[in-house]
Structures are given as structure tokens and as C-alpha cells.
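Asker: Next up is a structure, given as C-alpha cells.
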Amino acid sequence: MDRNSSARDEGTEINLLELVYAMLSHWLLLFIVTAVFGACAFCYSKFFIAPQYSASCTLFVLNRNNSNSLTSSDISASNALLKDYEILAGSRTVINQVIESLDLKYDEARPDKPSYSYAELKREISVSVPKDSRMLVVSVRDLNPNNAKLLADAVSKALVEQITKTMKTEAEILDTAVTPGGPVSPNVKKNTVVGAAIGFLLAAAWVFIRFISDDTIKSEEDVENHLGVPVLGSIPLDETEAPKKKRSEYRAEMKNVRRLYSGKERR
């Protein structure tokens, strides 16, 4: 009884060597699926996603209580207010000022002129604060590299004016924006690698599921490994006969043989 139960347990375990062999035997499938998914991700990123360009300006913000000297309290106050500056950059006051200064309102007489609403322009603006720094980095993403530079400069200028006016704090632009030389998104290489990895994992998952769901006896070793009985001999099958049986069918047949054999011994 213990021998049969242990044989059944061994039959349910996954043999890693057999799994590796199953993967290697399906290498062509894995390669094709990986290549197809990678190619699809490349084509989609290259030809169907509009490239975006990013331009950035660097601002220096400092709260100076004494015009003649810089104290540690000035630095601490500046660091505490940086989050407020981030919120101010996305405020309606700053963005509407940019729209007015660059004449970005929609004009029915000139439908081809670049135009932005408050919501559209706000989505393109981002403000980051480098760690342990009193700097603000104002970035703008746009489909046009020249527009990205103009918008970044205009947003930074409007933000400096509002910081000085509203918060009574010193602020100035250290670095103006530069016209970007290339798009920052989409990342074609990264998307291609991710697409290929997804294809490989899907193909490998299919091979794995097929491997663990395969319940057939293919060789004499399978009989010994899964049923726990030695093979005394084998009879060649006719080519027209099915060469495989499910392990459950073999187990049922072996139980019948053991039952008949046990009955004869008692007699």
C-alpha cells in the first residue's frame, strides 16, 4: 500500500529535467512567438504612437529674510515651500498667463494655429524637486519640440513672477529650456523588449500547461516511475494502434491485475 501511494506521489511531481527538455523541444515555437510579439511592440511604438518631446528649465527659489546675508532658516523655509511651488505651477493663474502671453487660445479664423486649453496645458507640465536642493525643474512635454521649448520658458517665467508676487520670495531662472534633439517617448527599445518578454512568457506558459496536463505513458520508464511496478517485457504495437494510454487507464488495469492475483493466492 505504501509503495503504491509513494508511486502515485512521484507520478504527480514535476520533473524539472523533463520540463526543460519540453521547453527545448518547443524552441521554435518559443522563438516565433517571442519574435512576433517583439515585432508587434516595435511597430506599434514606432508607427502608431506619436513621439513626445520634453524641454526643461531650472529655477532657483530662496526665501531671504535679510537682504545682506543668507541664514539656515532661509534655506529651511525654502525647502518647506517647494511643494507649494509645485502646486502653483499647475494653477490656473500661471497656465492662463502662459496661454495669454503665447496667444494659445483657439481662434476659429486660424484653426491651424497651436492652441491649448487649461486642462490640456496642465497635463503637459510637470515640476520636480531634486533631493536636498532648493531648485525647481519645470518640464513640458509636447508633440512639437519647438513648442516644448517655448512652453517651458513661458511657464517658468510666469511661475517666477507668481512666486515673487504671491509668496514674497526670491526666484529666478538659472537655465532656460533648450530645443530637444529627440523624443523622450515612446521608448521603442524598451517597448520592444517588454513585448518580446511577454510573448516568451505566454509561449512558455502554454508549453508548461501542456506538459503538466499530459497524462500519457510514453515509455517503459514511465510505467516504472508512475506506477511503481517493474516492466518484465513489452509487446510491439501495430502501427495502426494508438501508441499511448493515459496513466489513469494503466493504473486501473494494474489494480485489476493485483486484485485477480491476490484472489488466486488465497485459493
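The values are calculated or read from the model by the stated rules, or taken from the named source; none is laboratory data. Worth saying up front: this structure is predicted, and the values here are computed from it rather than measured. Positions of Cβ are backbone-derived with ideal geometry, glycine not excepted, and every protein chain shown enters the neighbour counts. With ligands, DNA and RNA removed, areas are computed over all heavy atoms of the protein, side chains included. Shrake-Rupley method; radii C 1.70, N 1.55, O 1.52, S 1.80 Å.
Asker: Given H placed 1.01 Å from N in the peptide plane, which residues other than close sequence neighbours of Gln52 have an amide H under 5 Å from its amide H?
Answerer: Sorted by chain and number, the residues that satisfy this are Val184, Ser185.
Asker: Would you mind telling me the share, in percent, of accessible area of the stretch 120-173 contributed by carbon and sulfur at probe 1.4 angstrom?
Answerer: Carbon and sulfur atoms account for 50 percent of the accessible area of the stretch 120-173.
Asker: All other residues with a Cβ under 14 Å from the Cβ of Tyr44 taken together, and with Lys, Arg as +1 and Asp, Glu as -1, what is their net charge?
Answerer: +3
Asker: Can you order the peptides 133-140, 88-95, 155-162, 187-194 by their average number of other Cβ atoms within 10 Å per residue, highest first?
Answerer: 155-162, 133-140, 88-95, 187-194
Asker: Taking H placed 1.01 Å from N in the peptide plane, check which residues at least 5 places from Thr216 or on another chain put their amide H under 5 Å from its amide H.
Answerer: Arg247
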